[in-house]
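Enquirer: If you scroll down you'll find the structure; I have some questions about it.
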Amino acid sequence: MIEFSDVRKAYPDGTVALQSLSLTAREGEITVLVGPSGCGKTTTLRMVNRMVDPSSGTIRLDGVDVSTQDPPTLRRGIGYVIQNAGLFPHRTVLDNVATVPVLLGRSRAEARSAAGELLERVGLDPRVGSRYPAQLSGGQQQRVGVARALAGDAPVLLMDEPFSAVDPVVRADLQDELLRLQSELGRTILFVTHDIDEAIRLGDMVAVLRVGGTLAQFAPPADLLAAPVDDFVAGFVGRDRGYRRLQFVGAGSLALSSFPTTGDGWLLVVDDDGRPTGWRQGDDHVALGTVHEEGESLRSALDAALSSPSGRGVAVDEDGKVIGGIEPEAVITLLHASAEPAR
Amino acid sequence: MRLFGADILPLAAEHIVLALVPVLLGLVISLPLGWWAWRSRGARRILLPLTGVLYTIPSLALFVVMPIVLGTRILDPVNVVVALTVYAVALLVRSVVDGLDEVPSEVLTAGVAMGYRPLGLLVGVQLPLAVPVLIAGVRVAAVSSFSLVAVGAIIGQGALGALFTQGFERFYTAQIVFGLVSILVLALVVDALLMLLGRLLAPWAAARAPKKQGV
Ligand SMILES: Nc1ncnc2c1ncn2[C@@H]1O[C@H](COP(=O)(O)OP(=O)(O)O)[C@@H](O)[C@H]1O
Ligand SMILES: [Mg+2]
């Protein structure tokens, strides 16, 4: 757990990077700091491992005031990932990953073999271990950066725009990979980005900062989309927040309609096991739209309705058997019903 | 092996020692000076112009002045060694600064964030990354040191340079040419060895061009 209490930072040249920040990043969660460039995100992150010291206020790591710790010792217990990875060009990938364990006094051989396993964990072929960073693609380097930050078994991870410099396709891969890793490892992660989509995708909690270093809103992503506190946050969250909110609302209590329906002439065709195979209107066979599977979000429910030729989506259970139809109106009704944030 | 009335091998050995000891000393002195100049803007502003000026002092003048400054005898080889060390420092402080400047800032940031202390960072990260630039500087210093040793012959401490002075006295062109060529060959061999050393110390510098493949 990372606790900021009344933290203020003014740099020697007078720039106030942070006004007064109070914030708690909970154990085992990804807490995202998001905001425009220059709003103090990097400053906030670097105060945790004492690369920057606050002008006033305290930062506690698992209850211990970091200002009482020896900085290099503190840093060896906190993973750190930066944009462009910042790998050591003169060391092989394996030795890069082994950096912190070796600093912690573990033998090189032991650290290297653990590093090899970590490479697999972050989705890299262990054979890249003997290469130098310059021989890797940007996405691969970033994965090595993540592996290096995990190598010391640090319970806390600081990530400063780690995926900002790679192209969007690779970025999406890296984000998925981080979520997968986090579900296995459950570290306490403080993640900085200027990209609100990334914040919403990754964060258990999202802190929106404004320039001048004040906290505008601190909430789970769904609440941020449902109820931004002011125009700044609403503007920052973006125009299509209504659509994006769909993915945070479960479709469990969605009212399903029954098949077959008469009247409009559309018939759903199912096989012997009850799985949908297509639509039929008169003598015409038409392909299915997307199918909503039980347990998915409202986003997939609405998409099923909108993409269906009959105007009614198909909902299936986990075996793929039809359980009902989805009327677009039912989705909208449920979305409105959930507009009041839970917390 | 005797040639032109001189024992060549001891002369060559002496030439190598007189040329390389100053480069080594120069490197040892330049590392802390260069690190200081890299760190402190004020030190850089003083040290870099100063080393530039040092390098412009004519070698002959430096050789002649040495006994006065050091209180040594005029024929003492220490004169040559100290004078050439001054040149080596003049060249290498800049190389150290340039080498340290080569280290990308995000690499330094990462090093600090991983928990390196300043000395560990210098030895483990900054100096290894400065090696290519440093070796280039050392190669220039070594080659110029080989030719400067020959100038020492004028104050009686020139190793192979003695072949020039004697050749001139005797109007013996072959001897002069032989002296010239032997110094040149020694310098080239040492230069090539230093280049190899650089490759050995910085194998990563040759590793470039990412192979095209997925994430
Ligand atoms: N070392 C420094 N000295 C002076 N001002 C700084 C320093 N580092 C950052 N700043 C200023 O503090 C503010 C916040 O910077 P930063 O934390 O890097 O923001 P962000 O990471 O959100 O872009 C900016 O105005 C920046 O110019
Ligand atoms: Mg930043």
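The values are calculated or read from the model by the stated rules, or taken from the named source; none is laboratory data. The structure presented is a predicted model; accordingly, all values stated were derived computationally and were not measured. Neighbour counts run over all protein chains shown; Cβ positions are idealised from the backbone, glycine included. SASA here: full protein model, heavy atoms, side chains in, ligands and nucleic acids out. Shrake-Rupley method; radii C 1.70, N 1.55, O 1.52, S 1.80 Å.
Enquirer: Filter the range A:64-79 for residues that are more than 9 Å from chain B (Cβ to nearest Cβ) and open to solvent by 40 Å² or more (accessible area, probe 1.4 Å) and give the result.
Expert: Within the range A:64-79, A:V64, A:D65, A:S67, A:T68, A:Q69, A:D70 meet the criteria.
Enquirer: Among the numbered criteria (1) more than 15 Å from ligand 1 (Cβ to nearest atom); (2) not in a helix (DSSP H, G or I); (3) not small (G, A, S), which single criterion is violated by A:R75?
Expert: Of (1) more than 15 Å from ligand 1 (Cβ to nearest atom); (2) not in a helix (DSSP H, G or I); (3) not small (G, A, S), only one is false for A:R75: (2).
Enquirer: On to the next question. Being part of a strand (DSSP E or B), under 26 Å from A:S300 (Cα atoms) and either hydroxyl-bearing (S, T, Y) or away from ligand 2 (no atom under 16 Å from the Cβ) (or both) narrows it down to one of A:L215, A:L225, A:L181, A:L267, so name that one. Please lay out each step first, then the result.
Expert: Working: A:L215 fails: under 26 Å from A:S300 (Cα atoms); A:L225 fails: part of a strand (DSSP E or B); A:L181 fails: part of a strand (DSSP E or B).
Matching residue, one of A:L215, A:L225, A:L181, A:L267: A:L267.
Enquirer: A:S37 versus (1) surrounded by fewer than 20 Cβ atoms within 10 Å (Cβ to Cβ); (2) at pLDDT 95 or above; (3) at negative phi: which is the lone unmet condition?
Expert: (2)
Enquirer: Follow-up. Could you please give the count of residues in the range A:163-178 that are within 16 Å of ligand 2 (Cβ to nearest atom) and either surrounded by 19 or more Cβ atoms within 10 Å (Cβ to Cβ) or free of Cβ contacts under 8 Å to residues at least 40 places away in the same chain (or both)? Walk me through it before giving the result.
Expert: At the first step, the residues of the range A:163-178 found to be within 16 Å of ligand 2 (Cβ to nearest atom) are A:163-165.
If we keep only those that are either surrounded by 19 or more Cβ atoms within 10 Å (Cβ to Cβ) or free of Cβ contacts under 8 Å to residues at least 40 places away in the same chain (or both) as well, we get A:163.
Of the residues in that region, 1 qualify.
Enquirer: Would you check if there is a residue in the range A:48-60 being more than 10 Å from chain B (Cβ to nearest Cβ), part of a strand (DSSP E or B), surrounded by fewer than 20 Cβ atoms within 10 Å (Cβ to Cβ) and not polar (S, T, N, Q)?
Expert: Yes: the range A:48-60 contains one or more residues that are more than 10 Å from chain B (Cβ to nearest Cβ), part of a strand (DSSP E or B), surrounded by fewer than 20 Cβ atoms within 10 Å (Cβ to Cβ) and not polar (S, T, N, Q).
Enquirer: Report, by residue number, each residue of the range A:135-157 that is of a type outside the set (D, E, K, R), in contact with a helix residue (DSSP H, G or I) (Cβ under 7 Å, 6 or more places away or on another chain) and at the interface with chain B (Cβ under 8 Å from one of its Cβ atoms).
Expert: Selection gives A:L136, A:G139, A:Q140.
Enquirer: Let me ask something else. Quick check, is A:A199 open to solvent by 40 Å² or more (accessible area, probe 1.4 Å) and within 16 Å of ligand 2 (Cβ to nearest atom)?
Expert: No, not satisfied.
Enquirer: Right, something else. Please state which one of A:T262, A:T290, A:T214 is among the β-branched types (V, I, T), touching a Cys at 6+ places or on another chain (Cβ under 9 Å) and either exposed (fewer than 13 other Cβ atoms within 10 Å of the Cβ) or at pLDDT 90 or above (or both). Let's see the steps before the verdict.
Expert: On the way: A:T262 fails: touching a Cys at 6+ places or on another chain (Cβ under 9 Å); A:T290 fails: touching a Cys at 6+ places or on another chain (Cβ under 9 Å).
None of the other options fit; the residue is A:T214.
Enquirer: May I ask you to say which residue of A:V233, A:V192, A:V229, A:V206 is surrounded by fewer than 17 Cβ atoms within 10 Å (Cβ to Cβ), modelled with pLDDT of 90 or more and out of contact with any Cys (no Cβ under 9 Å at 6 or more places or on another chain)? Steps first, answer last, please.
Expert: Values: A:V233 fails: surrounded by fewer than 17 Cβ atoms within 10 Å (Cβ to Cβ); A:V192 fails: surrounded by fewer than 17 Cβ atoms within 10 Å (Cβ to Cβ); A:V206 fails: surrounded by fewer than 17 Cβ atoms within 10 Å (Cβ to Cβ).
None of the others qualify; the one that does is A:V229.
Enquirer: Does the range A:10-42 hold any residues that are within 8 Å of ligand 1 (Cβ to nearest atom), small (G, A, S) and within 19 Å of A:P162 (Cα to Cα), and which are they?
Expert: A:G35, A:S37, A:G38, A:G40
Enquirer: Now a separate question. Which one is nearest to the other protein chains (Cβ to nearest Cβ) among residues in the range B:90-108 that are open to solvent by 30 Å² or more (accessible area, probe 1.4 Å) and more than 30 Å from B:I57 (Cα to Cα)? Let's see the steps before the verdict.
Expert: Applying the first criterion (open to solvent by 30 Å² or more (accessible area, probe 1.4 Å)) to the range B:90-108 yields B:91, B:94, B:98, B:101-102, B:104-106, B:108.
From the residues that got through so far, the ones that are more than 30 Å from B:I57 (Cα to Cα) too are B:104-106, B:108.
Working: B:P104: 8, B:S105: 9, B:E106: 4, B:L108: 8 Å.
Only one residue tops the list, namely B:E106.
Enquirer: With (1) assigned to a helix (DSSP H, G or I); (2) of a type in the set (S, T, N, Q); (3) surrounded by fewer than 24 Cβ atoms within 10 Å (Cβ to Cβ) as the list, and A:N96 as the residue in question, which single condition is left unmet?
Expert: Of (1) assigned to a helix (DSSP H, G or I); (2) of a type in the set (S, T, N, Q); (3) surrounded by fewer than 24 Cβ atoms within 10 Å (Cβ to Cβ), only one is false for A:N96: (3).
Enquirer: Please go through (1) closer than 23 Å to B:L201 by Cβ; (2) more than 14 Å from chain A (Cβ to nearest Cβ); (3) in contact with a Phe, Trp or Tyr (Cβ under 9 Å, 6 or more places away or on another chain) for B:L54 and return the number of the only condition it doesn't satisfy.
Expert: (1)
Enquirer: On the given criteria, is B:P118 surrounded by fewer than 21 Cβ atoms within 10 Å (Cβ to Cβ), in contact (Cβ under 8 Å) with a residue 60 or more places away in the chain and closer than 30 Å to A:G79 by Cβ? Steps first, please.
Expert: On the way: surrounded by fewer than 21 Cβ atoms within 10 Å (Cβ to Cβ): yes; in contact (Cβ under 8 Å) with a residue 60 or more places away in the chain: no; closer than 30 Å to A:G79 by Cβ: yes.
Answer is no for this residue.
Enquirer: Among the residues of the range A:115-132, write down those that are within 20 Å of A:L178 (Cβ to Cβ) and surrounded by 19 or more Cβ atoms within 10 Å (Cβ to Cβ).
Expert: A:A115, A:L118, A:L119, A:V122, A:L124, A:V128
Enquirer: Taking only the range A:152-162 into account, find how many residues are away from ligand 1 (no atom under 16 Å from the Cβ) and open to solvent by 10 Å² or more (accessible area, probe 1.4 Å). Lay out the reasoning, then the answer.
Expert: Of all residues in the range A:152-162, those away from ligand 1 (no atom under 16 Å from the Cβ) come to A:152-157.
Then keep just the ones that are open to solvent by 10 Å² or more (accessible area, probe 1.4 Å); that gives A:152-153, A:155.
Residues meeting the conditions: 3.
Enquirer: On to the next question. Please return the ranges of helices (runs of 4 or more DSSP H) entirely within the range B:1-111 where 3 or more residues are of a type in the set (A, V, I, L, M, F, W, C) and closer than 30 Å to B:I176 by Cα. Steps first, answer last, please.
Expert: On the way: elements: B:8-39, B:41-56, B:59-70, B:77-101.
Here the list reads B:8-39, B:59-70, B:77-101.
Enquirer: In the range B:72-81, which residues are free of Cβ contacts under 8 Å to residues at least 40 places away in the same chain and under 18 Å from the mean Cα position of the chain (by Cα)?
Expert: B:V78, the sole residue that qualifies.
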